[in-house]
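Working notes for the structure below.
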Amino acid sequence: MSSPWPWPAPTDDGAADHLVPGTPLPQIALPSSAGVDIDLSQLQGRAVVFVYPYTGTLGAPNPPDWDDIPGAHGSTPEAEGFRDMMPMFAMKGVKVFGLSAQPSAEQQDFARRMAITYPLLSDREYRFSDALRLPRFATGGVTYLGRLTLLVEDEHIARTFYPVHPPDSHAAEVLAALA
């Protein structure tokens, strides 16, 4: 069955094959939209970390060739999906985090506009991304993180979703995997 998602679907290029269960998260504190630094390696219990390339800014155009890059579109609907399903994640005792390379100020603005209640983490310097060798792509002279999701249990990767498609229904997919 083909997806109604109107933008090109990503393919599995193997760029996340090394993110296997048991891989520890790096000890790196990242600024969050909540105004505090968060070190994912210090989490106890289960968490979802969805990595997204970019959320748009009101009045600003998308990056160059965005419509043609498989997997680029969809960060806002993906974030809204996790927002809308937060009560179900909370009932399972699962924390949710979004992560991108966007500056914290942009993430804070996005969180306010879209009523995002979970922290968005800024890996502006790619320290966390470098440590885990997260997939990336570039356009217009800017590097973006590739879309993927990590299920985390007690500071270690339990499962990796890559590629993620379509992003607008991904939160439901992750929630089903937690059952």
* Asked: Among the residues of segment 5-16, is any free of Cβ contacts under 8 Å to residues at least 40 places away in the same chain, part of a loop (DSSP other than H, G, I, E, B), surrounded by 13 or more Cβ atoms within 10 Å (Cβ to Cβ) and more than 15 Å from the chain's Cα centre (by Cα)?
  -> no
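Looking at Ser75, Ser32, Ser41, which one is more than 16 Å from Leu148 (Cα to Cα), touching a helix residue (DSSP H, G or I) at 6+ places or on another chain (Cβ under 8 Å) and either of a type in the set (S, T, N, Q) or modelled with pLDDT under 95 (or both)?
Ser32
Out of the residues in segment 155-177 that are more than 17 Å from Pro77 (Cβ to Cβ), outside any helix (DSSP H, G or I) and at pLDDT 95 or above, state the one that is least open to solvent (accessible area, probe 1.4 Å).
Step by step, filter segment 155-177, then rank; the result is Ile157.
Take the residues in segment 82-107 that are among the polar types (S, T, N, Q) and in contact (Cβ under 8 Å) with a residue 60 or more places away in the chain; name whichever of them is most open to solvent (accessible area, probe 1.4 Å). Spell out how you get there, then give the answer.
Quick first cut of segment 82-107, residues among the polar types (S, T, N, Q) only: 100, 102, 104, 107.
Now drop any that are not in contact (Cβ under 8 Å) with a residue 60 or more places away in the chain, which leaves 104, 107.
Values: Ser104: 27, Gln107: 1 Å².
My answer is Ser104.
Within segment 22-41, restricting attention to residues that are part of a loop (DSSP other than H, G, I, E, B) and more than 15 Å from Ser129 (Cβ to Cβ), which residue is nearest to the chain's Cα centre (by Cα)?
First, the residues of segment 22-41 that are part of a loop (DSSP other than H, G, I, E, B): 22-23, 25-28, 33-36.
Remaining after also requiring more than 15 Å from Ser129 (Cβ to Cβ): 22, 33-36.
Details: Gly22: 19, Ser33: 14, Ala34: 16, Gly35: 18, Val36: 18 Å.
Looking at the filtered set, the residue picked out is Ser33.
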* Asked: Where in segment 42-136 are there helices (runs of 4 or more DSSP H), lying fully within it, with 1 or more residues that are under 30 Å from Ala179 (Cα atoms) and among the acidic types (Asp, Glu)?
  -> 75-84
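Got at least one residue in segment 117-130 being within 20 Å of Asp168 (Cβ to Cβ), β-branched (Val, Ile, Thr) and surrounded by fewer than 22 Cβ atoms within 10 Å (Cβ to Cβ)?
As a first pass, look at segment 117-130 and keep what is within 20 Å of Asp168 (Cβ to Cβ): 117-118, 120.
From what is left, the residues that are β-branched (Val, Ile, Thr) are 117.
In the following step, the residues that additionally are surrounded by fewer than 22 Cβ atoms within 10 Å (Cβ to Cβ) were identified as 117.
So far as segment 117-130 goes, yes, one or more of its residues are within 20 Å of Asp168 (Cβ to Cβ), β-branched (Val, Ile, Thr) and surrounded by fewer than 22 Cβ atoms within 10 Å (Cβ to Cβ).
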* Asked: Quick one: in segment 94-133, which of the residues that are among the small types (Gly, Ala, Ser) and over 15 Å from the mean Cα position of the chain (by Cα) is nearest to Asp84 (Cα to Cα)?
  -> Ala115
* Asked: If Arg136 satisfies every condition in (1) within 14 Å of the chain's Cα centre (by Cα); (2) open to solvent by less than 60 Å² (accessible area, probe 1.4 Å) but one, which is the exception?
  -> (2)
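One line per residue, one yes/no per condition, for (1) among the aliphatic types (A, V, I, L, M); (2) under 14 Å from Ser32 (Cα atoms); (3) modelled with pLDDT under 95:
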position: Ile116; (1), (2), (3): yes, yes, no
position: Phe137; (1), (2), (3): no, no, no
position: Gly141; (1), (2), (3): no, no, no
position: Leu150; (1), (2), (3): yes, no, no
position: Glu153; (1), (2), (3): no, no, no
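Answer yes or no: is there a residue in segment 71-81 that is surrounded by fewer than 20 Cβ atoms within 10 Å (Cβ to Cβ) and more than 15 Å from the chain's Cα centre (by Cα). Show your work before the answer.
Within segment 71-81, the first condition is being surrounded by fewer than 20 Cβ atoms within 10 Å (Cβ to Cβ), and the residues that meet it are 76-77, 80.
Then keep just the ones that are more than 15 Å from the chain's Cα centre (by Cα); that gives none.
No - not one qualifying residue is present in segment 71-81.
The values are calculated or read from the model by the stated rules, or taken from the named source; none is laboratory data. All figures in this text were calculated on a predicted structure; none of them were measured in a lab. Here the Cβ is made from the backbone with ideal geometry for all residues, glycine too, and neighbour counts use every protein chain on show. Calculation scope for accessible area: heavy atoms of the full protein, side chains included, ligands and nucleic acids excluded. Shrake-Rupley method; radii C 1.70, N 1.55, O 1.52, S 1.80 Å.
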